[in-house]
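Worksheet: the structure to be examined is printed underneath.
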Amino acid sequence: MPLLLINVSPEPLSKPGMKGLVVITEFTPATSALGGALIGLAAVMMMLFLGRIMGATGIFSGAITPTSQRNWLWRVATLAGMISGPLAYLVFTGGFPVIDVPISTPALMIGGFIVGVGVTIGSGCTSGHGVCGIARLSPRSIVATLTFMATTSLTVYVIRHLAGAV
């Protein structure tokens, strides 16, 4: 049976030598709702002002291989806004957010590569399909998002229960 620890302090809960399955998360409904509302607002504004879907993968790939200066500029501005989030957090709170990643850097890199392959095959990422596509009632996006969620659940189950990782 999994043990769920809810961390309400700013310090991470993982400890060296912890045995068994430990899922560490913080219960932050207010900040989560605010973050979701801001993502939704950004998606609506991008569609309203640029006529574009706010898919992070497409924005990133278009910034690397731009088709025009104007196209490149809004993409870089959007990416700069995404990256500046921790700096805004620092200004308002006096410190960076505590991030406790319990896996190695090579595992993160492999996971990032696999996600990159997946968003290429799926023609978009969770922000494009999950936020914008579902809001437009796109059948393709609904299927893609359900596939993301099922694959994520299966991966977590295999890694934590069958492979024995914590």
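Does Pro86 satisfy the condition of being within 20 Å of Thr28 (Cα to Cα), at pLDDT below 90 and part of a helix (DSSP H, G or I)? The answer is yes for Pro86. One residue is enough: does the range 35-58 have a residue meeting the conditions in a helix (DSSP H, G or I), over 24 Å from Gly133 (Cα atoms) and either polar (S, T, N, Q) or modelled with pLDDT under 90 (or both)? No, the range 35-58 contains no residue that is in a helix (DSSP H, G or I), over 24 Å from Gly133 (Cα atoms) and either polar (S, T, N, Q) or modelled with pLDDT under 90 (or both). The residues on offer are Ile159, Ile121, and the sole one that is over 20 Å from Met54 (Cβ atoms), surrounded by 14 or more Cβ atoms within 10 Å (Cβ to Cβ), out of contact with any helix residue (DSSP H, G or I) (no Cβ under 6 Å at 6 or more places or on another chain) and without any contact (Cβ under 8 Å) to a residue 40 or more places away in the chain is Ile159. In the range 73-86, the residues that are farther than 18 Å from Val98 by Cα reach residues that are of a type in the set (A, V, I, L, M) and not in a helix (DSSP H, G or I) with C-beta atoms within less than 8 angstrom, at least six apart or across chains, in these pairs: Thr78/Met54.
When the criteria are applied in full, Val101 fails the requirement of being farther than 22 Å from Leu38 by Cα, of a type in the set (A, V, I, L, M, F, W, C) and in contact (Cβ under 8 Å) with a residue 24 or more places away in the chain.
Candidates Gly124, Gly111, Gly128: the one that is in a helix (DSSP H, G or I), closer than 15 Å to Phe60 by Cβ and under 15 Å from the mean Cα position of the chain (by Cα) is Gly128.
For the range 150-166, the candidate set comprises residues that are at pLDDT below 90 and hydrophobic (A, V, I, L, M, F, W, C); within that set, the residue that is nearest to Ala56 (Cα to Cα) is Val156.
The values are calculated or read from the model by the stated rules, or taken from the named source; none is laboratory data. Quick caveat: nothing in here was measured; it's all calculated off a predicted structure. When we count neighbours, we look across all protein chains shown, and the Cβ atoms used for this are built from the backbone with ideal geometry, even at glycine.
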